[in-house]
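The values are calculated or read from the model by the stated rules, or taken from the named source; none is laboratory data. Being a predicted model, the structure only gives us computed values, none of them experimental. No Cβ is skipped: glycine too gets one built from the backbone with ideal geometry, and neighbour counts run over all protein chains shown.
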Amino acid sequence: MHTFYHPSYHPNRRASAVIGIYWLLSYEVARRAGEVGIRTRLGARPAQIVRMALSEVGLLAIIGVAAGGVAALAMGKLVSGLTYGLQPGNPGVLAAAAGVLICVALSAGLWPARRAACLDPMSALRRE
């Protein structure tokens with residue numbers, strides 16, 4: 001039996017993607033510290049701040065998965081000779097990949113979202 005191993009499946013690439021998403025979201029939290037401080041000062045609970053941040057992450061993940069799915073379907077014909085035992089437009093594989101990517105994005109966004117929820121409103125407003 002011949003096992004096909006593609007370098008893009010390597011765990012280091014997945015880890016670097018998670019780290020990249022984390023740093024992007026940390027930057028967004030730092031950039032929007034004033035807004036988070038105002039929302040907290042006006043009475044937003046930490047759970048609402050986390051929900052707000054994760055909803056934005058989820059929206060970006062869904063947009064990225066949709067664009068990637070369209071690109072995967074378009075490129076499926078070109079790589080159909082390289083995939084052994086899989087159809088290029090296999091809905092199960094596409095759905096599994098989409099689910100994994102959305103879970104990775106939400107888990108990478110959880111820590112910056114929780115950190116935003118714990119910001120002191122006065123220090124966040126002073127930075128502005």
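For segment 28-85, residues that are basic (Lys, Arg) and assigned to a helix (DSSP H, G or I) total 4. Could you tell me whether segment 86-94 includes any residue that is exposed (fewer than 13 other Cβ atoms within 10 Å of the Cβ) and either among the β-branched types (Val, Ile, Thr) or in a helix (DSSP H, G or I) (or both)? Scanning segment 86-94 turns up at least one residue that is exposed (fewer than 13 other Cβ atoms within 10 Å of the Cβ) and either among the β-branched types (Val, Ile, Thr) or in a helix (DSSP H, G or I) (or both). Residue count for segment 36-58 under the criterion of being surrounded by fewer than 16 Cβ atoms within 10 Å (Cβ to Cβ) and more than 18 Å from LEU106 (Cα to Cα): the result is 5.
Has segment 35-47 got at least one residue that is hydroxyl-bearing (Ser, Thr, Tyr) and free of Cβ contacts under 8 Å to residues at least 24 places away in the same chain? Taking every residue of segment 35-47 in turn, none turns out to be hydroxyl-bearing (Ser, Thr, Tyr) and free of Cβ contacts under 8 Å to residues at least 24 places away in the same chain.
Scoring ALA61 on the criteria (1) surrounded by 11 or more Cβ atoms within 10 Å (Cβ to Cβ); (2) among the hydrophobic types (A, V, I, L, M, F, W, C); (3) farther than 20 Å from VAL93 by Cα leaves a single failure, condition (3).
Name the single residue, out of those in segment 108-128 being exposed (fewer than 14 other Cβ atoms within 10 Å of the Cβ), part of a helix (DSSP H, G or I) and not aliphatic (A, V, I, L, M), that is modelled with the highest pLDDT. Result: TRP111.
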